Amino acid sequence: MGQNKKQWQDADYILGFYDRKRLTARGCYRENIEKGIGDGRRPDLIGGGLVRSAGGWSVVKAKRKGLDRIKGDERILGDEAFVESVLKEAQEGLERKSRLHAGGYGFEWLVDRIAQQLG
């Protein structure tokens, strides 16, 4: 614990939930993590939020077969600026993908294009 510093990680903020003294807070944090490990695998934390929020794999598979698409997950952890940047980036990617698809650029197009280039 505390060996690798990450710019996006705010250890002081998290440890502040446990105690004002850093050493005590780290001990409490470690105890909390160990308790969680002892709890084992929890169904509510397994399988990814998108799958879970959609209603399970059967719902996701059914949506794949039809025109209905799942475009996101309601759970993004972070401050407001981070969430907004993630949503903006996702929207830009979705729009680009939609434009390419509408223009006829898809997997089949790519295979044909490579085949033409390589003869």
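From the list 102, 115, 90, 81, pick out the single residue that is of a type outside the set (D, E, K, R), closer than 30 Å to residue 14 by Cα, over 15 Å from the mean Cα position of the chain (by Cα) and not assigned by TED's automatic domain parsing to the domain that holds residue 9. Give the steps one after another, and end with the answer.
Values: 102 fails: closer than 30 Å to residue 14 by Cα; 115 fails: closer than 30 Å to residue 14 by Cα; 90 fails: over 15 Å from the mean Cα position of the chain (by Cα).
From the options 102, 115, 90, 81, the qualifying one is 81.
Only one of 39, 19, 73 is out of contact with any His (no Cβ under 6 Å at 6 or more places or on another chain) and modelled with pLDDT of 90 or more. Can you tell me which?
Details: 39 fails: modelled with pLDDT of 90 or more; 73 fails: modelled with pLDDT of 90 or more.
After ruling out the rest, the residue left standing is 19.
Only one residue in 90, 54 is out of contact with any Gly (no Cβ under 8 Å at 6 or more places or on another chain) and at pLDDT below 90. Which one?
Values: 90 fails: out of contact with any Gly (no Cβ under 8 Å at 6 or more places or on another chain).
One residue alone meets the criteria, 54.
The values are calculated or read from the model by the stated rules, or taken from the named source; none is laboratory data. In this text the structure is predicted, and so the values were computed from the model without any measurement. All Cβ positions, even for glycine, are placed from backbone atoms using ideal geometry, and neighbour counts span all protein chains on display.
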